[in-house]
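Only one structure is covered here, and it is reproduced in the block below.
The values are calculated or read from the model by the stated rules, or taken from the named source; none is laboratory data. What you are looking at is a predicted structure, and each value in this text was computed from that prediction instead of being measured. Heads up, the Cβs are rebuilt from the backbone with ideal geometry, glycines too, and the neighbour counts pull from every protein chain shown. Ligands, DNA and RNA are stripped out before the accessible areas are found, and what is left, the full protein with its side chains, is counted by its heavy atoms. Shrake-Rupley method; radii C 1.70, N 1.55, O 1.52, S 1.80 Å.
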Amino acid sequence: MASATAAPRLDHPALAFSLAFSLAFSLAFSLARYLEHRRRFDEWITLSTLARDIGRANGDRSGEGTALVNLGFALGYLRAFDGAVAAHTEAAELFHRIDDQREEGSALTGLGAALQCVGRYEEAIEAHSRAARIHARLDDPAREASALANLGTAWQLSGRTEKAVAPHTRAAGVFRELGDGYREASVLTNLGDTLHQTGRTEESVAAYARAAALFRGPAPDRTRRGPPTASGRPCWSSAHTARPSRP
């Protein structure tokens, strides 16, 4: 961490300053996944905030937006959901202005998850719906499926469980087509919950059985890039998140 902000010992102060900030900017992105995996969220927030400020100062709007998305996720893990909403909202607006639709969709996914956690379900539904439309337009089925899975969860949390069946079913089908059994199983677990809550018991049992069979299969490849999924339970732990693509 200290090396990220310490200027190298060079004869030219301006060059040293520029290189130090360039190093800090690069480290903020390269360390993001490591810090998340190690659950070192305070450090992740520090580096993401630094990267946001550097990107903003240097006019790197893409880098600034990516740093904001990382900041939003880190704040979410610490349950600072209002801060996460603000960071993801700013990121989504920034990516929209520079017409980076793929990363706008990533920001909207984080925004929707944070909005769910503060009970702003209508806004969460809109964010996830927008993310799904963007990724469908870009022909990115994995991210579209993740957005649909999140949309289903948002409908569940809003109390309109019947509306969750279609997006969960579609998401599970896409993950099946992609051969992603782990994420398919995660969504099928949600679908089983939804079907059970709506009185469709036989279909619910079938969804749970399919999920159980998939979970008993080979462990997922955690090194594969893509939108990770979790258990599907309410709030932040349920978010099928899509990280920014910037290294």
Report task. Provide a single number: the residues in segment 158-200 that are within 11 Å of Ala211 (Cα to Cα) and in contact with a Pro (Cβ under 6 Å, 6 or more places away or on another chain). Result -> 1
Requested in this report: Return the residue satisfying two criteria in turn: it lies in segment 101-124 and is open to solvent by 10 Å² or more (accessible area, probe 1.4 Å) and among the aliphatic types (A, V, I, L, M), and of such residues it is farthest from Arg143 (Cα to Cα).
Outcome: Val118
Report task. Determine whether Gln156 is over 27 Å from Trp44 (Cα atoms), open to solvent by 10 Å² or more (accessible area, probe 1.4 Å) and touching a His at 6+ places or on another chain (Cβ under 9 Å). Result -> yes
Query raised in the report: Do we have Thr66 as within 27 Å of Tyr121 (Cα to Cα) and surrounded by fewer than 22 Cβ atoms within 10 Å (Cβ to Cβ) here?
Result: no
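Please tell me if Ala209 is of a type in the set (A, V, I, L, M, F, W, C), farther than 16 Å from Trp155 by Cβ, out of contact with any helix residue (DSSP H, G or I) (no Cβ under 6 Å at 6 or more places or on another chain) and at pLDDT below 95.
Numbers: of a type in the set (A, V, I, L, M, F, W, C): yes; farther than 16 Å from Trp155 by Cβ: yes; out of contact with any helix residue (DSSP H, G or I) (no Cβ under 6 Å at 6 or more places or on another chain): yes; at pLDDT below 95: no.
Taking the combined requirement at face value, the residue does not satisfy it.
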Report task. Just name the residue that is nearest to Ser129 (Cα to Cα) out of those in segment 166-193 that are open to solvent by 10 Å² or more (accessible area, probe 1.4 Å) and charged (D, E, K, R). Result -> Arg170
Requested in this report: Please indicate, with yes or no, whether at least one residue in segment 128-136 is at pLDDT below 95 and among the aliphatic types (A, V, I, L, M).
Outcome: no
Query raised in the report: So which helices (runs of 4 or more DSSP H) stay within segment 99-182 end to end and still have 1 or more residues that are over 16 Å from the mean Cα position of the chain (by Cα) and of a type outside the set (Asp, Glu)?
Result: 121-137, 141-157, 165-177
Query raised in the report: Of these, Ala147, Ala172, which one is among the hydrophobic types (A, V, I, L, M, F, W, C) and within 18 Å of Gln197 (Cβ to Cβ)?
Result: Ala172
